[in-house]
1. Checking the structure you have, find out if any residue of the stretch 52-64 is at pLDDT 95 or above, over 24 Å from TYR120 (Cβ atoms) and among the charged types (D, E, K, R).
2. Could you list, in sequence order, all residues of the stretch 98-128 that are loosely packed, with under 13 Cβ neighbours inside 10 Å and of a type in the set (A, V, I, L, M)?
3. What single numbered condition from (1) in a loop (DSSP other than H, G, I, E, B); (2) at pLDDT below 95; (3) not hydroxyl-bearing (Ser, Thr, Tyr) fails to hold for ASN6?
4. What is the number of the single condition among (1) surrounded by 15 or more Cβ atoms within 10 Å (Cβ to Cβ); (2) at pLDDT below 95 that VAL83 does not meet?
5. For the stretch 43-86, what are the residues that are within 15 Å of VAL101 (Cβ to Cβ) and of a type in the set (Val, Ile, Thr)?
6. State which residue pairs qualify: first residue in contact (Cβ under 8 Å) with a residue 12 or more places away in the chain and surrounded by 13 or more Cβ atoms within 10 Å (Cβ to Cβ) and inside the stretch 36-58, second residue of a type in the set (Gly, Ala, Ser) and part of a helix (DSSP H, G or I) in any location, beta carbons under 8 Å apart, and separation of 6 or more residues or different chains.
7. Looking at this structure, is ALA92 loosely packed, with under 13 Cβ neighbours inside 10 Å, of a type outside the set (Asp, Glu), under 25 Å from ILE38 (Cβ atoms) and at pLDDT below 95?
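The values are calculated or read from the model by the stated rules, or taken from the named source; none is laboratory data. Since this is a predicted model, take the numbers as computed values, not measurements. Neighbour counts run over all protein chains shown; Cβ positions are idealised from the backbone, glycine included.
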Amino acid sequence: MKIDTNDKKEFLGRGWAYPVATTLNSGRVASVEFENDIEQSIFIILSTAKGERVMRADFGCGIHDLVFAAISASLVADIKHSVREALRKYEARIEVLNVDVDTREAINGKILIAIDYQVYSTNQSGNFVFPFYFKEAF
């Protein structure tokens, strides 16, 4: 008996793709599933500022409150803590293993946040790099 690998991943879920779009062939709302759903969920959590969603004011990540802070070891620690807490609270399918903050491009208005995580149900490791921009684009 052959076991379909997608059957093992059903618990990872499916959802609308972000950004919301339609498929070319059917005109239906595009969707994502499994690991891609988790990655898009991480992106949505980190890119949403707390208070931005009217009906869920607590949803999001507190890194947006740190936009005007001076780059320091304390800021890096605050970013790591805020990312860990947001993902712990809003993405129950993963365990955050490590959060690393790269400030080398801070002079250009960008901080890279690298997240190493493990999917609870499969023990599959993953990583995600979130570019956090804190200056306006040129």
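1. No, because not a single residue in the stretch 52-64 is at pLDDT 95 or above, over 24 Å from TYR120 (Cβ atoms) and among the charged types (D, E, K, R).
2. Of everything in the stretch 98-128, just one residue is loosely packed, with under 13 Cβ neighbours inside 10 Å and of a type in the set (A, V, I, L, M), namely ILE107.
3. Exception for ASN6: condition (1).
4. (2)
5. ILE63, VAL67, ILE71, VAL76, ILE79, VAL83
6. So the pair list comes out as ILE45/ALA86; LEU46/ALA86; LYS50/GLY62.
7. In short, yes.
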